[in-house]
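Since the structure comes first, as structure tokens, the remarks are kept for the end.
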Amino acid sequence: MSGTLFLSFLARLIGVGRAVYLTMFGGTAGNALTVVWRGTAVVSMGFSTAFFAVVGALAGVMSLQRRGGRNMFLPVAAGVGLLVLLGTGGERTDYAAHVAGLACGLVLGMCEAARRKRGWPALPQIAASLLVLTLPVLAWWRAFV
């Protein structure tokens, strides 16, 4: 439920297709980083990594929209605060995945903000949405083939 809220905030800043794309790509990158970081077999992965990726992407976009000084770090501090508040409860919590999701989302959000600031062309919203749809399809196809 709260992931939808943060996703809608991000979508208002950069568009729906790109917001969903950054969320999915950040979650996937965060899970991949967690697998490499751990070095052991992974039994399961959850969507919480993507939740923290959207929080990180939102913080990254907002941090580069602010002008100079300490104000740049306020959105990043808010993202870390949300990680501490929402991502550290329970004995079976995957802390590494939550940190990796936030970090990957933050980097992707900053890249998106820098791209927008420089006026570089972007992946169109519809193309980003179609890429997001293909990732789960390919994952399920890979799982059964």
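The values are calculated or read from the model by the stated rules, or taken from the named source; none is laboratory data. These numbers come from a predicted model, not from an experiment. Every residue, glycine among them, receives a Cβ derived from its backbone with ideal geometry; neighbour counts consider all protein chains shown. Accessible surface areas use protein heavy atoms only, side chains included; no ligands, DNA or RNA. Shrake-Rupley method; radii C 1.70, N 1.55, O 1.52, S 1.80 Å.
As an exercise, take the mean of 1/r over every pair of distinct alpha carbons in the range 5-142, invert it, and state the Kirkwood radius in angstroms. Can you show the working numbers first?
On the way: mean 1/r = 0.0656 Å⁻¹.
Hydrodynamic radius (Kirkwood, Cα pairs) of the range 5-142 is 15.2 Å.
Using a simple charge model, +1 on the beta-carbon of Lys and Arg, -1 on the beta-carbon of Asp and Glu, nothing else, what dipole does the chain show about its Cα centre, in debye to the nearest 20? Don't jump to the answer; show the numbers that get you there.
Details: 12 positive and 3 negative charges, 118 e Å.
About 560 debye.
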> With the other protein chains left in place, how much accessible area per residue, in square angstrom, belongs to the chain at a 1.4 angstrom probe?
Replying inline: 62
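Over the chain, with every protein chain in place, what whole percent of the accessible area is carbon and sulfur at 1.4 Å, could you tell me? Write down the numbers at each step before the final one.
On the way: 6330 of 8990 Å².
Result for the chain: 70 percent of the exposed heavy-atom area is carbon or sulfur.
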>> Give the separation of the Cα centroids, the range 2-41 to the range 72-145, in Å.
In response: 2
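Grab the DSSP H runs of the chain that are 4 residues or longer, score each as -39,500 (n - 2.57), total them, divide by all residues and round the 222 nm result to the nearest 500 deg cm²/dmol. Can you show the working numbers first?
Numbers: 6 runs with 112 residues, N = 145.
Value at 222 nm, helices only, nearest 500: -26500 deg cm²/dmol.
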>> I'd like the accessible area for residue 8, computed on protein heavy atoms only with a 1.4 Å probe and all protein chains in place. Round to 10 Å², please.
In response: 50
